[in-house]
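Here is the structure we will look at.
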Amino acid sequence: MKYSANSVWENNDRYDVAVVGAGHAGCEAALACARLGFHTILFTISVDSIALMPCNPNIGGSSKGHLVREIDALGGEMGKVIDKTFIQSKMLNQSKGPAVHSLRAQADKANYTRTMRKVLENQENLEIRQMEVTDILTEDNKITGVQTYSGAIYPCRAVVLCTGTYLKARCIYGEVSSHTGPNGLQAANHLTDSLKSLGIKMYRFKTGTPARVDKRTIDFDKMEEQKGDERVVPFSFTTNPDDVQIDQVSCWLTYTNPTTHEIIKNNLDRSPLYSGKIEGTGPRYCPSIEDKVVKFADKNRHQVFIEPEGLDTNEMYVGGMSSSLPEDVQYQMYRSVPGLEHVKIVRNAYAIEYDCIDARQLKSTLEFKNIDGLFSGGQFNGSSGYEEAAAQGLVAGINAARKLQGKEGIIIDRSEGYIGVLIDDLVTKESHEPYRMMTSRAEYRLLLRQDNADLRLTKLGHEIGLIDDERYEKLLEKEKMIAEEIEREEHTNVGTSPEVQSLLEEYKSTPLTSGSSLGDLIRRPELSYDALAPIDKERKKLPADVTEQVNINIKYEGYIKRQQRQVEQFKKLEKKMIPENIDYNEIQSLRIEAKQKLSQIRPASIGQASRISGVSPADISVLLVYLESKR
């Protein structure tokens, strides 16, 4: 370090990338940059909060499980860490089609943090620094470094902002308001002003978390036990399934009731959410219990999940009852729930407000449009959830590294992954609340299943440099086995032998009157690849993940081909690029609203332009004619 006349310490070490924040986004961003060979420094308010789970200690869930699988396929870390630290695992939506199957694992909260921290601390090219970053330094709108609260300057060529819920954070319940980050940790109070001085538009969002209660004060006999799957499926494609077959802990289900709802209604005037003391906008799809009772007044009960925070603690998470009501009301409403009549609170429920950005200021690579070398990922981009954060952090880190490599940034489009849907929605569509990933947001979800994330994205991960040759070769071998087995099933015929008819009768399937291919039999709703094993005499033993793909690809062949045709049309619009310097005001037939929105967001392609709120199909037609005339 050297001391200069203006009271600033300048670090003699030069870094390629500085990552600000060590939550789930920051961890993935920092690891990606370091693994791609760049000298990276990761700043955090507290090294004890690395990969912290301040809300529910779980990874995955509906659509979020898809994101974790995609992160893993690209070479990220989240899937590997949860496989080492989960205490219960379930595949959700198994009664529905494979497009919405989604893995969810309850984590040992402390162990997850410890394990991710260990990965970071032992990663070559990566340094961890406990210090608040207060200023982003630029010259001619180009990143030159960051400055910390101590006055130290760290020169670097790229910055990835992953501040999560810490920027000017305020935790609130009842009359209690403290300017802290989640779990009472220190907030980051100085960076917002620096970002605003760079012309970055900020939002004020809110999220919340329920109370943590003492396990010893719960009557589980009044609740429904929720066990994990008998056969656990790992998140990471690199994890041996045999290694994750553990003794799992149980979660528990109970319900609110009219008494609970009456307590809440009688105290709404004491809720900062309804009294106006909370300014930020909360997540629509993860509402507080106050919101549920008000907005769904016709329901006389809501689910409440009691979930362990870890193996070495008695703290239990009260899922479904996040709140900002006063402490005395929290006690009343929790104790009105069956099984919680004598419960004792360890940590109060609270709401948290924080600063984040309007993500439409970002390119699809997650680089700011107006600041060269400044990238952004996670809840800071206006999203919610650990998985959404990690996905963005990984992409932002990859693209920061690729910029320094002199390569084009990677953009995963909506037909290639849930990550593509997530990022495209954030940078294209106006959002006035924290964004949450859902399967319904993905137009091509039959193609974007969690089970085939490796087949979709591992090649890209290898091209980027985060997937090694050995893993890539295994993927190619898997592809070959799937293709060969599908071909064999489609061209293997069975007749009307008693053995065949007996199997069909067992599954209540229509008897054969003539020969049929095994593929045609698999397409019957009541049959499957596994069910036909007794009559498939030539079948070789194949890995379970291979046979799963064979079954899905044959059974849903017609739907898959139809969606692939839709993707071809989508790709045509995505390939029609719009010049960066286009002046929308000179396109006379465009409506005023369309001119304003297009000028503000500056979409890269016709496809992206078509998804902007306020841009109509007629506007797209005008834009296409204009571009053709200029071509």
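Observations, loosely collected:
- When V146, V81 are screened for being in contact (Cβ under 8 Å) with a residue 60 or more places away in the chain, of a type in the set (A, V, I, L, M, F, W, C) and crowded, with 22+ Cβ neighbours inside 10 Å, only V146 passes.
- Hey, S89 touching a strand residue (DSSP E or B) at 6+ places or on another chain (Cβ under 9 Å) and either open to solvent by less than 10 Å² (accessible area, probe 1.4 Å) or aliphatic (A, V, I, L, M) (or both) or not: yes
- If the condition is being free of Cβ contacts under 8 Å to residues at least 24 places away in the same chain and farther than 12 Å from R602 by Cα, then the stretch 573-588 contributes N585, E586, Q588.
- Figure legend. Inter-residue proximity from the stretch 160-183: first residues open to solvent by 40 Å² or more (accessible area, probe 1.4 Å), second residues aromatic (F, W, Y), beta-carbon distance below 6 Å, spacing 6+ or different chains. Indicated pairs: Y173/Y350.
- Boolean, Y154 is of a type in the set (S, T, Y) and open to solvent by less than 40 Å² (accessible area, probe 1.4 Å): yes
- Residue identified as part of a strand (DSSP E or B) and among the acidic types (D, E) among E353, E416, E430: E353
- Reported count of residues in the stretch 475-506, each being of a type in the set (S, T, N, Q), open to solvent by 40 Å² or more (accessible area, probe 1.4 Å) and not in a helix (DSSP H, G or I), is 3.
- Residues (surrounded by fewer than 19 Cβ atoms within 10 Å (Cβ to Cβ), part of a helix (DSSP H, G or I) and either aliphatic (A, V, I, L, M) or modelled with pLDDT of 95 or more (or both)) located in the stretch 433-455: D451, L455
- Residue in the stretch 546-557 that is of a type outside the set (G, A, S), out of contact with any Cys (no Cβ under 7 Å at 6 or more places or on another chain), without any contact (Cβ under 8 Å) to a residue 40 or more places away in the chain and surrounded by fewer than 19 Cβ atoms within 10 Å (Cβ to Cβ) present: yes
- If you check K474, K459, K478, K508 for being on the phi > 0 side of the Ramachandran plot and modelled with pLDDT of 95 or more, only one passes: K508.
- As a summary of the residue check, Y472 satisfies the conditions (1) open to solvent by 40 Å² or more (accessible area, probe 1.4 Å); (2) not in a helix (DSSP H, G or I) except for the one numbered (2).
- Strands (runs of 3 or more DSSP E) wholly inside the stretch 185-287 containing at least 1 residues that are out of contact with any Leu (no Cβ under 8 Å at 6 or more places or on another chain), open to solvent by less than 40 Å² (accessible area, probe 1.4 Å) and at negative phi: 202-209, 212-214, 251-255
- Residues that are in a loop (DSSP other than H, G, I, E, B), open to solvent by less than 40 Å² (accessible area, probe 1.4 Å) and more than 22 Å from I357 (Cβ to Cβ) within the stretch 389-413 comprise just one, D413.
- Only residues that are without any contact (Cβ under 8 Å) to a residue 60 or more places away in the chain, farther than 11 Å from M437 by Cβ and of a type outside the set (V, I, T) were counted across the stretch 372-423, and they come to 8.
- Residue within the stretch 339-347 that is aliphatic (A, V, I, L, M), open to solvent by 10 Å² or more (accessible area, probe 1.4 Å) and in a strand (DSSP E or B) present: yes
- The stretch 614-631, residues that are out of contact with any helix residue (DSSP H, G or I) (no Cβ under 7 Å at 6 or more places or on another chain) and either within 22 Å of E568 (Cβ to Cβ) or open to solvent by 50 Å² or more (accessible area, probe 1.4 Å) (or both): P617, A618, S621, V625, L627, E628, S629, K630, R631
- Matching residues in the stretch 571-598 - criterion: being open to solvent by 40 Å² or more (accessible area, probe 1.4 Å) and either under 29 Å from the mean Cα position of the chain (by Cα) or at positive phi (or both): K571, K572, L573, K575, K576, M577
The values are calculated or read from the model by the stated rules, or taken from the named source; none is laboratory data. Small disclaimer: the values here were computed from a predicted structure and weren't measured. Positions of Cβ are backbone-derived with ideal geometry, glycine not excepted, and every protein chain shown enters the neighbour counts. Accessible surface areas use protein heavy atoms only, side chains included; no ligands, DNA or RNA. Shrake-Rupley method; radii C 1.70, N 1.55, O 1.52, S 1.80 Å.
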